[in-house]
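Engineer: Quick one: structure below, then a few questions.
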Amino acid sequence: MKITDIETFVVGNPPPHLGGQYFVFVKLMTDTGIVGYGEVYTATFSPHVVATMTEDIAHRHVIGMDPFHIERMWRRMYASGFSMRPELSLVSVMSGLEMACWDIVGKAVDKPAYELLGGKVHEKIRSYTYIYPEDGDATDVYADPDLAAERAARYVTEGFTAVKFDPAGPYSAFDPRQPSQERLELSELFVRRIREAVGTKADLLFGTHGQFTTSGAIRMARRLEPYDPLWFEEPTPPDRPEEMGKVARATTIPIATGERLATKYEFARVLETGAASILQMALGRVGGLLEGKKIAGMAEAHYAQIAPHLYCGPIEGAANAQLATCTPNFLILESIYQWGGFHAEVLKSPMRWEEGFVIPSDAPGLGVELDEDVARAHPYEDTALHLEMAPDPVDFG
């Protein structure tokens, strides 16, 4: 079997844009008629540039290859242009292409990808959701702890056993910084109100985006400790895991990180420095499914767990579920609420979610199929980046 062609889809995600304003999907075609789908998660260039980058790498290193030869293909892509390092945009492109190869391989042997990566460990996959704003909200859910607590309690009645929220304030190109007293107080109030609302029925996942200095993160952690969150996410920027390790040693709250990291090499530093005990690889960015499995294996040897990150579309979500299903040290999976809305519409069959759990698909490959008609009917024609940080310093927040 040989890969013969590639097609990319830059798909607009209609309001309320859960998971981002757009998704970049990849389709690889083979000489046997089998096709595979993947998803690229990169936030550093226009999605149309990303699609062109993906096609360029595919024509250089993927087309003409046997899709079963994933290790060989991965090393050739990783060395592209004399790189040989975790260059985030390159590795994101590699991730989508690698993911599509696993989809092809699974379809060729009529097995889900998880059966080829160690076999099913989990019959169902525990999931969590962010607390999202909703149409009709009288106030901003991230400025109103009582509204956030009410929403968290509703999610728990629907089956979720964990909720994530990030009231710690904006993040900027000039971080890290110290949290203000106002943000310390508001963050503690959020955690207290939500804990009161859900009791012990759900874990609290406190999200940040690397806003704080080491000392500032420790100050924040001490305000949160009495409410026993399951994790404190990315308390300091991702480029110095040694500093994050200082936070980890100063708090009883487990530290989670990984959404902005790529490859086994960056996650090895996290484990070696004790920066985090919960690894949040995003499979559309980290290097793909096999790279995620290697990272999970390293984590297992350190008694660390994985919690695949998702701020993307449903094909990365399906790949995350494949990895979670076959990983002994899996903790919890990020869901986009219950996988409804456009995340369901753009697939021929939606992800299956029941009472707080994703149910692994027994369909071959990634277990989902892109509905190409829907994808083509929702082109994204803007040039915005997937995520934006405040361009100026946050003086007090």
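Engineer: List the residue pairs whose Cβ atoms are under 8 Å apart, where the first residue sits in segment 190-204 and is closer than 17 Å to A221 by Cα, the second is hydroxyl-bearing (S, T, Y) and crowded, with 20+ Cβ neighbours inside 10 Å, and the two are 6 or more positions apart or on different chains.
Structural biologist: Pairs found: D203/Y128.
Engineer: Show the residue pairs that are 6+ apart or on different chains and have beta-carbon atoms under 9 Å apart, the first residue being within segment 172-184 and within 15 Å of I218 (Cβ to Cβ), the second being in a strand (DSSP E or B) and of a type in the set (F, W, Y).
Structural biologist: Close Cβ pairs satisfying both conditions: P176/F212; R177/F212; Q178/F212; P179/F212.
Engineer: Is it fair to say Y41 is under 20 Å from the mean Cα position of the chain (by Cα) and either at pLDDT below 95 or within 22 Å of C312 (Cβ to Cβ) (or both)?
Structural biologist: Against the criterion (under 20 Å from the mean Cα position of the chain (by Cα) and either at pLDDT below 95 or within 22 Å of C312 (Cβ to Cβ) (or both)), Y41 qualifies.
Engineer: Further question on the same structure: Can you pull out every residue in segment 361-383 that is surrounded by fewer than 23 Cβ atoms within 10 Å (Cβ to Cβ) and closer than 22 Å to A113 by Cα?
Structural biologist: If the condition is that a residue be surrounded by fewer than 23 Cβ atoms within 10 Å (Cβ to Cβ) and closer than 22 Å to A113 by Cα, then S361, D362, A363, P364, E369, D371, E372 are the ones that fit.
To keep it simple, each residue is scored yes or no on (1) part of a loop (DSSP other than H, G, I, E, B); (2) surrounded by fewer than 19 Cβ atoms within 10 Å (Cβ to Cβ); (3) among the β-branched types (V, I, T).
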site: A197; (1), (2), (3): no, no, no
site: S215; (1), (2), (3): no, yes, no
site: P229; (1), (2), (3): yes, no, no
site: F232; (1), (2), (3): no, no, no
site: I253; (1), (2), (3): yes, no, yes
site: G274; (1), (2), (3): yes, yes, no
site: A282; (1), (2), (3): yes, no, no
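Engineer: Considering only residues that are among the aliphatic types (A, V, I, L, M), over 12 Å from the mean Cα position of the chain (by Cα) and more than 23 Å from V35 (Cα to Cα), which ones fall in segment 325-356?
Structural biologist: Listed by number, the list holds a single entry, L331.
Engineer: From A318, A344, grab the single residue that is within 18 Å of S95 (Cβ to Cβ) and not β-branched (V, I, T).
Structural biologist: A318
Engineer: Right, next: Inside segment 143-195, can you point out the residues that are in contact with a strand residue (DSSP E or B) (Cβ under 8 Å, 6 or more places away or on another chain), more than 28 Å from V358 (Cα to Cα) and in a helix (DSSP H, G or I)?
Structural biologist: S187 - this is the single residue of segment 143-195 that is in contact with a strand residue (DSSP E or B) (Cβ under 8 Å, 6 or more places away or on another chain), more than 28 Å from V358 (Cα to Cα) and in a helix (DSSP H, G or I).
Engineer: Scan segment 17-38 residue by residue and report those that are assigned to a loop (DSSP other than H, G, I, E, B) and within 19 Å of G317 (Cα to Cα).
Structural biologist: H17, L18, G19, G20, Q21
Engineer: Looking for whichever is out of contact with any Phe, Trp or Tyr (no Cβ under 8 Å at 6 or more places or on another chain), surrounded by 15 or more Cβ atoms within 10 Å (Cβ to Cβ) and in contact (Cβ under 8 Å) with a residue 24 or more places away in the chain here; the options are T30, T44, T4. Which one fits?
Structural biologist: Unique residue meeting the criteria: T30.
Engineer: Would you point out which residue out of G207, G216, G199 is in the same structural domain as L333 (by TED's automatic domain parsing) and on the phi > 0 side of the Ramachandran plot?
Structural biologist: G199
Engineer: Among the listed residues G106, G81, identify the single one that is under 24 Å from A363 (Cβ atoms) and either part of a helix (DSSP H, G or I) or touching a Cys at 6+ places or on another chain (Cβ under 6 Å) (or both).
Structural biologist: Every option except G106 fails the conditions.
Engineer: Can you find, within segment 77-113, the residue that is farthest from T52 (Cα to Cα) among those that are surrounded by fewer than 16 Cβ atoms within 10 Å (Cβ to Cβ) and of a type in the set (D, E, K, R)?
Structural biologist: My answer is D110.
The values are calculated or read from the model by the stated rules, or taken from the named source; none is laboratory data. Model, not experiment: these values are computed from the prediction. In this analysis, Cβ positions are derived from the backbone assuming ideal geometry, glycine residues included, and neighbour counts consider all displayed protein chains.
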